[in-house]
Amino acid sequence: MRTGENISMASSSPMAASDRASYATADSSAGGVLENKYRKADCIRTIKFCGVAPTANEIATLLYVTSKHEPKYLISNTQCYWFAATVFEALERIFFEAKANDTKHSGGKGKWHGIPVPTKESVDEVCNEYLVLRRALDREIEQKCRAEQQQEEEKRRDREERRAAEERARAAEEVAQREREEKEREREQRLAAEEKIAQLLRQLEASGAGASTSQV
């Protein structure tokens, strides 16, 4: 929808245009709201995308380009009729398998109270501007995706390095624990051997003392 502030049919001076677009899927609650809001309006034209349909981002880009191409509302040639016609024709040119269909109310297309309203021919320029902007946006999106992938790759490497460091630390701790246990076993064995030797010495001393007493 395109409107201008303080529109007057007698005025030929351009004014800032106010362009708005509403969208919703047919079976959604938002779609029901739109249908109710415009239930008294006549549907003049529809468009069907037989192949790959444009994304919401692509349609938004085209609407933006069209609005920026003629930012002024002029009742004589860049009014709401111009905006709608330019967007529809641009969609058909940009998306080759798109097909616009007129309805039973199409006789009122481009007319105000039955009087034909002239519109400016801007489709070629709008299509060119759209393609230039889309290429720039695609590059920006690609760069952003690459940056995000790089960040994810760095995070993945960090996670793997931390995991590897933790595994090395666990392995080192296990080795240290085994060494401590081995030293403890060696200490216990040494103490046991020393205790056994001491016991034998006590037995020998006791045997020697007994033999001396018998001789006396």
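The values are calculated or read from the model by the stated rules, or taken from the named source; none is laboratory data. Every value quoted in this text rests on a predicted model; they were computed, and no experiment measured them. Note: accessible area is taken over every heavy atom of the protein model, side chains too, but ligands, DNA and RNA are not part of it. Shrake-Rupley method; radii C 1.70, N 1.55, O 1.52, S 1.80 Å.
Assorted remarks:
- The chain: calculated mean residue ellipticity at 222 nm from DSSP helix runs of at least 4, using -39500 (n - 2.57): -22000 deg cm²/dmol
- GNM result for the chain, Cα springs below 10 Å: residue of Lys40, Lys120, Lys99 fluctuating most strongly: Lys40
- The chain: angle of helix 80-94 to the longest principal axis, Cα-based, in degrees nearest 10: 60 degrees
- Once all protein chains are placed together, Ser207 keeps about 80 Å² accessible to a 1.4 angstrom probe.
- The chain: most fluctuating residue of Arg202, Arg156, Arg168 per GNM, C-alpha cutoff 10 Å: Arg202
- Amide hydrogen neighbours beyond the local backbone of Tyr73, cut-off 5 Å, H modeled: Met15, Ala16, Ala17
- For the range 163-179, putting each phi into the Karplus relation 6.51 cos²θ - 1.76 cosθ + 1.60 with θ = phi - 60° gives couplings of 5, 5, 5, 5, 5, 5, 5, 5, 5, 5, 5, 5, 4, 4, 5, 5, 5 Hz, in residue order, rounded to whole numbers and with x for Gly and Pro.
- Pairs of Lys residues in the range 60-216, spaced 8 or more positions apart or belonging to different chains, with C-alpha separations under 16 angstrom: 4 in total.
- 5 angstrom amide H check on Trp112, placed H, neighbours 5+ away: Val117
- Computed Kirkwood radius, in angstrom, where 1/r is averaged over Cα pairs of the chain: 25.3 Å
- Heavy atoms of Glu97: accessible area, 1.4 Å probe, square angstrom to 10: 110 Å²
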